[in-house]
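The values are calculated or read from the model by the stated rules, or taken from the named source; none is laboratory data. These figures come from a predicted structure and were not determined experimentally. Using ideal geometry, Cβ is built from the backbone for each residue, glycine included, and neighbour counts are taken over all protein chains shown. Heads up: the accessible areas ignore ligands, DNA and RNA and are worked out on the full protein's heavy atoms, side chains in. Shrake-Rupley method; radii C 1.70, N 1.55, O 1.52, S 1.80 Å.
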Amino acid sequence: MIHHPIYRRLCAMLTSLAIGWLAMGLSAQTYNDLVTYPGRPNYGALKFSSSQSWFNYLMLWQHQRDEQRSEELQQAFASKTEMEAYIASVRQKMRQLAGDFPERGDLHSRTVGTVEGDGFVVEKVIFESRPHHYVTAHLYLPVGVKARKFPACVEMCGHSLQGKGNGSGTAVQMARNGIAVLVVDPIGQGEMQQLIDGTGRNLTRGVTTEHSLLAPAYNLLGTSLEAQIFWDNSRAVDYLCSRKDIDPRRIGCYGFSGGGTESSYLLALDDRIQAASVGLFFSGRTRTLELQGPSDGCQWIPGEGALGINQADMALCMAPRPFQVLDGLFDFVDHYGALKGMKEVQRAYDVLGASDRVEQYYYADGHACPPDAMEHLVGWFKRWLCNDASLPHIDEVGFRGKDMLCTRAGQVNLEFPDAENTMQYAVCRYAELADQREAFCAQPIEEIRREICHILGVEESVLDKAPLPATLPGSSLAKATVPTGRTHGRDFEEYRFQLNREDEMPVAVVVRIPSSATADSPIELHLHERGKAWYLGDMEKLDMTSNGNIIVTADVRGVGEMEDPYIYNLTKYWNREWRCAVVALHEGRPLVGQRVVDVLTLVDFCANHPLLSGHPLHVVGDGLYGPVLMHAAVLDPRISRVSLTRTLKSWKEYLENPLQHDMQTNVIHGVLQHYDLPDLVRLAEGRVRVMD
């Protein structure tokens with residue numbers, strides 16, 4: 001026997017806890033749950049337990065869509081005509097994803113200074129890709145090369161707050177080999193940072209965080225950060241074509257890492273690109289999502305998965321023009337995915353009779369561009385833009401120029417009084433869409449409900465208000481409503497259920513029915529973003545049934561029992577469920593829509609289960625449940641009342657202030673073209689109240 005005083009004290013404490021809990025009328029099972037799961041009661045209601053279940057469910061849908069795409073591509077390999085038709089369909093889908101852009105107006109371009117180099121000169125350039133949106137760039141021009149007009153490339157920057165910085169070694173090598181290069185600052189980098197204070201100091205931890213915080217506003221308005229960056233790069237091509245010393249028929253593009261992403265979108269969406277190279281980005285989208293999750297907010301456009309777009313498809317938009325991939329054998333960007341994707345690209349080029357116009361070069365390195373890769377890059381453009389197959393001249397000389405800023409203030413949004421930053425653009429666009437939102441909300445309610453389902457990416461069948469079926473057709477789950485436990489408490493009976501809906505995640509439910517309940521007792525459905533265990537485990541709520549109300553509390557997908565592990569969601573993204581939120585948008589099924597389905601499953605359960613049917617339904621929610629329940633109340637009039645606390649009240653809050661956590665969780669792509677959250681509250685006709 002152990003006689004250590006600390007051990008005896010611990011035993012006494014546990015015994016006291018046990019007596020206390022039992023004295024309060026809790027069952028031995030509840031006490032055992034507490035001992036088994038120290039720190040919180042185990043209010044588990046599911047028949048299974050897996051921290052990966054939710055993400056695996058999302059990826060299963062994505063794999064099924066990939067199989068469909070693979071079948072379509074295999075058919076296209078049959079002939080040149082079918083391959084050309086496949087590529088044309090991909091180009092159309094890419095244009096659909098990118099959305100609408102303004103007219104290509106005057107660039108108001110200017111050269112604000114020059115820096116001399118050895119064999120090249122750098123012009124510091126500013127232009128407006130749209131009115132009041134200023135873009136900064138460096139143009140590297142060859143010196144001492146006899147040419148009336150130079151071929152040129154757009155170089156897109158990797159992830160660095162410095163953007164184009166004080167010099168590009170790659171641009172120097174290209175210029176020394178007779179090719180001009182325009183290095184462009186992306187939104188959120190270099191002199192185009194958006195989340196800054198009055199002195200230009202960045203307010204985030206780095207560029208990937210800034211991109212992730214800027215993305216929700218663009219998504220809500222029906223575009224994306226990547227589409228906006230593409231527009232700046234496409235306008236950079238306009239700038240090159242406007243110069244008398246550049247040949248508009250010989251324009252290429254390249255980039256590494258985040259710049260490889262930008263290069264992929266530019267070559268897919270701008271058919272003026274005659275040769276391209278993608279470095280340290282090309283792989284398989286689905287495999288990347290599974291291995292490391294989605295990257296920051298500039299690395300994707302919502303809906304790509306729904307349309308079956310893979311990175312190899314983006315490359316095929318170039319076909320049969322020259323396309324190159326550079327990647328590292330030991331890069332975190334998956335090399336196997338790059339090999340597999342390039343097999344598809346190479347086969348497509350073979351079918352088109354352009355086998356020599358595609359190349360993959362990989363090297364025994366990580367996320368870097370060693371000298372041999374640089375030689376392949378420069379040689380690729382020298383061959384296809386200069387019609388020169390000789391080896392390029394590569395110097396191991398770095399370049400860091402002095403006074404390389406294009407603005408005196410260091411940031412365009414501090415330099416120009418009329419400059420419009422992301423927040424100002426988003427709020428202005430929000431105001432422009434006001435008439436569209438008003439027209440949407442003026443429709444008959446049944447038409448509004450159907451369109452909301454489409455916007456949420458859910459089937460209209462959720463509006464049927466049918467009881468949950470006894471069994472699920474074609475499912476291994478025997479029942480749609482599965483009892484998973486029962487506990488006797490003080491003055492109440494507790495029931496646990498797993499609710500199964502075909503092709504959806506299950507819902508974990510706990511029901512507490514007081515002994516004083518009557519036929520008129522209302523149901524309080526509690527949905528809290530910290531989960532049902534937090535709500536039920538709160539000591540102050542042990543008498544929650546003393547007023548005779550029936551308590552139902554649940555965990556929908558991503559909450560409580562099905563929460564995605566924190567370890568898979570890097571803190572730099574400011575979102576505790578980043579990977580699932582972005583994958584859901586990738587599939588065209590935003591989290592809000594998926595959770596609305598879960599809530600309507602709960603409403604069906606409450607309306608039809610023998611223990612609950614006939615009782616009025618009052619829903620209490622907070623946090624991420626706010627937008628979900630606002631939608632659910634509009635879609636289902638059986639919800640008699642909704643009370644919300646600590647919730648988002650208007651998506652305009654995200655447009656005005658992107659420095660917020662968990663925004664992507666509440667994003668529905670393009671929703672502000674149709675309605676805002678206050679519109680949903682009005683459409684619910686008094687059944688939704690925001691309590692704070």
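Just a few scattered comments:
- Residue in segment 89-97 that is under 23 Å from Gln299 (Cα atoms), outside any loop (DSSP other than H, G, I, E, B) and without any contact (Cβ under 8 Å) to a residue 24 or more places away in the chain present: yes
- Residues that are of a type in the set (D, E, K, R) and either open to solvent by 30 Å² or more (accessible area, probe 1.4 Å) or not in a loop (DSSP other than H, G, I, E, B) (or both) within segment 286-314 comprise Arg287, Glu290, Asp313, listed in sequence order.
- Leading residue by the ranking (surrounded by the most Cβ atoms within 10 Å (Cβ to Cβ)) among those in segment 174-185 that are farther than 15 Å from Ile126 by Cβ and of a type outside the set (A, V, I, L, M): Arg176
- Residue identified as closer than 19 Å to Ile394 by Cβ, touching a residue at least 40 places away in the same chain (Cβ under 8 Å) and among the small types (Gly, Ala, Ser) among Ser168, Ser129: Ser168
- Within segment 353-447, helices (runs of 4 or more DSSP H) holding 3 or more residues that are hydroxyl-bearing (Ser, Thr, Tyr): 422-432
- Members of segment 103-139 found to be in a strand (DSSP E or B), of a type in the set (A, V, I, L, M), in contact with a helix residue (DSSP H, G or I) (Cβ under 9 Å, 6 or more places away or on another chain) and open to solvent by 10 Å² or more (accessible area, probe 1.4 Å), listed by number: Val121
- Gly341 passes every criterion in (1) open to solvent by less than 40 Å² (accessible area, probe 1.4 Å); (2) outside any helix (DSSP H, G or I); (3) under 15 Å from Ser277 (Cα atoms) apart from (2).
- Selection from segment 46-85 of residues that are open to solvent by less than 40 Å² (accessible area, probe 1.4 Å) and in contact with a Gly (Cβ under 7 Å, 6 or more places away or on another chain): Trp54, Gln62, Arg65, Arg69
- Selection status of Pro610, touching a strand residue (DSSP E or B) at 6+ places or on another chain (Cβ under 7 Å) and either open to solvent by 10 Å² or more (accessible area, probe 1.4 Å) or among the acidic types (Asp, Glu) (or both): no
- Only one of the numbered conditions (1) buried (at least 24 other Cβ atoms within 10 Å of the Cβ); (2) modelled with pLDDT under 95; (3) among the charged types (D, E, K, R) is not met by Arg205, and that is (1).
- Residue selected from segment 565-598 under the condition in a helix (DSSP H, G or I) and small (Gly, Ala, Ser), by the criterion surrounded by the most Cβ atoms within 10 Å (Cβ to Cβ): Ala584
- Residue count, segment 667-687 (criterion: open to solvent by 10 Å² or more (accessible area, probe 1.4 Å) and either more than 21 Å from Leu97 (Cβ to Cβ) or aromatic (Phe, Trp, Tyr) (or both)): 8
- None of Phe323, Phe381, Phe399 is under 30 Å from Thr199 (Cβ atoms), buried (at least 18 other Cβ atoms within 10 Å of the Cβ) and in contact with a Ser or Thr (Cβ under 9 Å, 6 or more places away or on another chain) except Phe399.
- Those residues of segment 599-619 which are part of a loop (DSSP other than H, G, I, E, B), in contact (Cβ under 8 Å) with a residue 24 or more places away in the chain and small (Gly, Ala, Ser), in sequence order: Gly614
- Residues (within 26 Å of the chain's Cα centre (by Cα), among the polar types (S, T, N, Q) and open to solvent by 40 Å² or more (accessible area, probe 1.4 Å)) located in segment 417-444: Gln424, Gln436
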